[in-house]
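Remarks on the structure that follows.
Rule-based calculations on the coordinates, nothing more; no lab input. Please read all numbers here as calculations on a predicted model, not as lab measurements. Neighbour counts run over all protein chains shown; Cβ positions are idealised from the backbone, glycine included.
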Amino acid sequence: MSYFAHETVVIDQPCTIGDGTKIWHFSHIMPHCVIGDNCNIGQNVVVSPDVVLGRNVKVQNNVSIYSGVICEDDVFLGPSMVFTNVMNPRSAVNRHAEFKKTFVRQGASIGANATIVCGISIGEYAMIGAGAVVTKDVKSYALVVGNPARQMGWVSAYGMKLHFDEQGLATCSETGEVYQLQDHSVTKLIT
């Protein structure tokens, strides 16, 4: 076994767990999920069937990742954040065939107690504020907050707020990387 699982963890087979991954107290890894290398799965986390987590995904305590969720590499899922997978759940109606896919792209961060409504995509390096309720797609590098979530600006891959000049250029205050805002989208320039 090339990963660590606390003795209280339940792991249902078959599933794939990558090298260097750590799974902490009282978590449940369900069958047919894929967890990449060097992930950190906090306490009291449920990873449902068919979920895919890329490399270096950090899942904080009390998160349930439901079937239909796909997280790419370097995603951060904050404490007690929530995913959904059905638009109109009813206890007496089986809607397993209606699970919607939710994509969290590389490097995105989702804050504590945020809710992500199913069937959307969260762009690369987007930042979702604590407590936000996200009901529609989020662009790459976008900063969204509130209920319902609204875009309040842009952030760098390092998580720093970007301030664009009249030419549509901004520099990350931590890394010096340059970003361009064009047609309501942000890209990192290769220097």
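Tabulated data for the structure shown
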{"quantity": "Kirkwood Rh, Cα atoms: Rg over Rh of the range 102-191", "calculated": "0.98"}
{"quantity": "Percent of beta bridges antiparallel (DSSP, the chain, rounded to nearest 5)", "calculated": "25 percent"}
{"quantity": "M152/F26 FRET efficiency (R0 30 Å; Cβ-Cβ; nearest 0.05)", "calculated": "0.30"}
{"quantity": "FRET E, pair N38, A130, Förster distance 35 Å, beta-carbon r, rounded to 0.05", "calculated": "0.90"}
{"quantity": "Charge context of L53, other residues only, Cβ under 15 angstrom, K/R +1, D/E -1", "calculated": "-1"}
{"quantity": "Calculated diffusion of the range 1-131, Stokes-Einstein form, Kirkwood radius summed over Cα pairs, 37 °C and 0.692 mPa s, µm²/s", "calculated": "226 µm²/s"}
{"quantity": "Where Cα atoms sit under 22 Å apart: lysine pairs in the chain separated by 8 or more or lying on different chains", "calculated": "12"}
{"quantity": "Relative packing of peptides 79-91, 136-148, 165-177 - highest average C-beta neighbours within 10 Å first", "calculated": "136-148, 79-91, 165-177"}
{"quantity": "Formal net charge of residues neighbouring P148 (Cβ-Cβ distance under 15 Å; K, R +1; D, E -1)", "calculated": "+1"}
{"quantity": "Label-to-label distance, nm, for residues given as D183 and D73 (7 Å Cα→Cβ offset)", "calculated": "2.7 nm"}
{"quantity": "Sum of side-chain charges, K22 neighbourhood, beta-carbon under 15 Å (Lys, Arg +1; Asp, Glu -1)", "calculated": "-1"}
